[in-house]
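Only one structure is covered here, and it is reproduced in the block below.
A short reminder: the numbers here are calculations on the coordinates, not readings from a lab. In this text, all values refer to a predicted model and were calculated from it rather than measured experimentally. When we count neighbours, we look across all protein chains shown, and the Cβ atoms used for this are built from the backbone with ideal geometry, even at glycine.
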Amino acid sequence: MAASPISTDIDFNRDGKQMGYLRLPHSVHRSAYGWIPFPIACIRNGAGPVMFLSAGVHGDEYEGQIALSRLIQDIDVAHVKGRIIILPMANFPAGMAGTRVSPIDQGNLNRAFPGDPATTPTSIIAHYIETVLMPGTDLHVDIHSGGSSLMYLPCSMPDWTPNCKMSRDRVVEFCRLFGAPYQISFDEDQEGRYISAAATRLGIASIGAELGGGGRLTGEYADIAYWGILRILKEMGAYAGPLLDKAPAAPKMEILPVKAAQFAYAMDSGVLEHVVKLGDRIVDGQKVALIHQPETPGKKPAEVFARQGGFVICLRSMGRVERGDCIGHWGG
């Protein structure tokens, strides 16, 4: 496979706090010799754990972008042991557009791994992450939200396979330290296209999170990510600074495995009305939504029912739906 066209002024093997860009050449009408600037920071201080923190894999998910930006500002290299690489806007074009996918190539970065250095920008950055930024990492933390179309209660997600160097129990403990009140897990990435799959392919445990969404920033959920990552860095021995004196204690965590039968989808187009709310506990066969069709006078709304019940952790935030759109899911 060809070498990556991405270059950077960051020296990942040099001590100090460096902030800059990954530069992907991109020649377009307005800029013949331009490049796409993917923001990145590297904080290194001698030997120690190697951490990789990512957010903005989807551009309309803001809690992680803000939390990682704050960490870049606040972490003093003197309090670090080892290396922390921070990629706050992993799909930078999508982040600037505020969209789930890149406006350049319509690429969904979290479906693009392992990537290809000779194709589209989204595939190129996926390849660079998996082949340059991730190797040698001891733990990966990746922050998501529901983006524009979904709203999540704050939850963490352990991503682990038997080839990971870290034990599964250790990964679950890091999820507890992260500090979200819920932990969810589901096996839906059968093709290995997610960023977490890139990590586990390399034997690296990955901790994910879903925090809020609805196309907006929820500051208290960004705080969960900020303090949670600091607690994880402390436990890994990667950070021991005074910021930790302000970190709140991690709350009790409820584990909610999610099954395929706990997802609900629209089978009609129209205007969505939820009849359950986040945090509800629902039973098998319970009505969860109505889909109205005001364009057809006198037509009764279509009803949506849960195949299998559980604790409502995620609901669609957009009003209009089309057949096949996810309405929400539950777990436990």
Normalised per residue, the volume inside the convex hull of the alpha-carbon atoms of region 14-123 in Å³ amounts to 117
The Cα radius of gyration of region 1-69, divided by 2.2 N^0.38 Å with N its residue count, comes to 1.33
Long pairs among Lys81/Lys165; Lys81/Lys252; Lys17/Lys165; Lys277/Lys299; Lys165/Lys234; Lys165/Lys246, criterion Cα-Cα beyond 22 Å: Lys81/Lys252; Lys17/Lys165; Lys277/Lys299; Lys165/Lys246
Inter-site label distance for Asp105 and Ala47 at 7 Å from Cα along Cβ, in nm: 4.0
Pull out the extension gain between Arg320 and Tyr265, defined as 0.36 nm times the separation in residues minus the alpha carbon to alpha carbon distance; nm, one decimal. 18.5 nm
Could you tell me the calculated FRET efficiency between Lys17 and Leu244, based on Cβ-Cβ distance and R0 = 30 angstrom, to the nearest 0.05? 0.95
Multiply the residue gap between Asp284 and Ser7 by 0.36 nm, knock off their C-alpha separation, and tell me the result in nm, one decimal place. 94.5 nm
Run the reach check for Lys259 against aspartates and glutamates, Cα to Cα strictly under 12 Å, same-chain hits fewer than 8 apart removed. What comes back? Asp187, Glu188
In terms of Cα to Cα distance under 16 Å, which aspartates and glutamates are near enough to Lys287, apart from those fewer than 8 places away along the same chain? Asp268, Glu273, Glu303
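If I take R0 = 25 Å and measure r between the Cβ atoms of Glu191 and Ala118 in this structure, what FRET efficiency does the formula 1/(1 + (r/R0)^6) give, to the nearest 0.05? All intermediate terms of the calculation are to be shown ahead of the outcome.
On the way: r = 20 Å, r/R0 = 0.81.
It comes to 0.80.
Compute the whole-percent fraction of alpha carbon pairs in the chain spaced more than 26 Å apart.
Details: 26717 of 54946 pairs.
Tail fraction, whole percent: 49.
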How would Asp74, Asp116 line up from fewest to most surrounding beta-carbon atoms within 10 angstrom? Asp74, Asp116
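Sort Ile10, Ile195 by Cβ crowding within 10 Å, fewest neighbours at the top. Please list the in-between numbers first.
Values: Ile10 16, Ile195 27.
If I rank by nearby Cβ atoms, fewest first, I get Ile10, Ile195.
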Can you tell which of Met157, Met51, Met166 shows the greatest fluctuation in a Gaussian network model of the chain with Cα springs below 10 Å? Met166
Report relative contact order for the chain in percent, whole number only (criteria: Cα-Cα under 8 Å, sequence separation at least 6). 16
Alpha carbon convex hull of region 158-233, projected area averaged over orientations, nm²: 5.6
At Gln308 and Glu173, where each label point lies 7 Å from the Cα along Cα→Cβ, what is the point-to-point distance in nanometres? 3.0
At q = 0.15, 0.17, 0.21 Å⁻¹, what base-10 log of I(q)/I(0) does the Debye formula yield for region 260-331 when every alpha carbon is treated as an equal point scatterer in vacuo? -0.43, -0.55, -0.80
In the Gaussian network model of the chain, springs joining C-alpha atoms below 10 Å, which of Tyr33, Tyr128, Tyr265 carries the largest mean-square fluctuation? Tyr33
Sketch the reach of a paramagnetic label on Lys299 as a point 7 Å from Cα along Cα-to-Cβ, and name the residues of region 263-285 whose backbone nitrogen lies under 13 Å away. 267-272
Any chance you could list the semi-axes, whole Å, largest first, of the equivalent ellipsoid that the Cα gyration tensor gives for region 82-123, using √(5λ)? 19, 15, 8
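Quick one: pull the percentage of alpha-carbon pairs in region 54-119 with a separation above 13 Å.
Values: 1395 of 2145 pairs.
Percent of Cα pairs beyond 13 Å in region 54-119: 65.
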Fewest Cβ neighbours within 10 Å first, please rank Asp159, Asp245 accordingly. Asp245, Asp159
Do the sum for the chain: with -39,500 (n - 2.57) for every DSSP H run of n ≥ 4, divided by all residues, what is the mean residue ellipticity at 222 nm, to the nearest 500 deg cm²/dmol? -5500 deg cm²/dmol
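Return the ratio Rg/(2.2 N^0.38 Å) for region 200-328, where Rg is computed over Cα atoms only.
Numbers: Rg = 19.6 Å, N = 129, 2.2 N^0.38 = 13.9 Å.
Normalised Rg, Cα atoms only: 1.41.
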Mean-square fluctuation maximum in Gaussian network of the chain, Cα pairs under 10 Å, restricted to Lys252, Lys17, Lys81, hits Lys252
If you restrict to DSSP beta bridges whose two residues both lie in region 7-257, what percentage is antiparallel, to the nearest 5? 55
